[in-house]
Amino acid sequence: MKLPQISGSELIKALVRNGFAVVRQKGSHIRLEKMTAEEVIKLTVPNHKTLKKGTLHQILKTAQLSTEDIF
């Protein structure tokens, strides 16, 4: 599936629905974490109006999620 153009806040809401928790924020960057059986997944999401495709792709890859899991 093609990556959509979404904002940072929309992505954060979707990540929270998938088990991530907001840990802290510094400026416009928000840190999220999710505990799994094997590891703790840590993400930093920029809270910008639109995320670049490469940034969105890397966040989804690190979060071990697909585009379908977000939408």
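Any read-out appearing in this document is the output of simple, stated calculations on the displayed coordinates, not a laboratory observation. Predicted model only: the values in this text are computed from it and were never measured. Reconstructed Cβ throughout: ideal geometry from the backbone, glycine too, with neighbour counts over all protein chains shown.
In percent, how large is the relative contact order of region 8-66, given Cα pairs closer than 8 Å and 6 or more residues apart?
It rounds to 28 percent for region 8-66.
Over the alpha carbons of region 8-66, what is the largest minus smallest coordinate on each principal axis, giving the biggest first in Å?
33, 23, 16
Report, in debye and to the nearest 20, how large the dipole of the chain comes out about its Cα centre when Lys and Arg carry +1 and Asp and Glu carry -1 on their Cβ.
360
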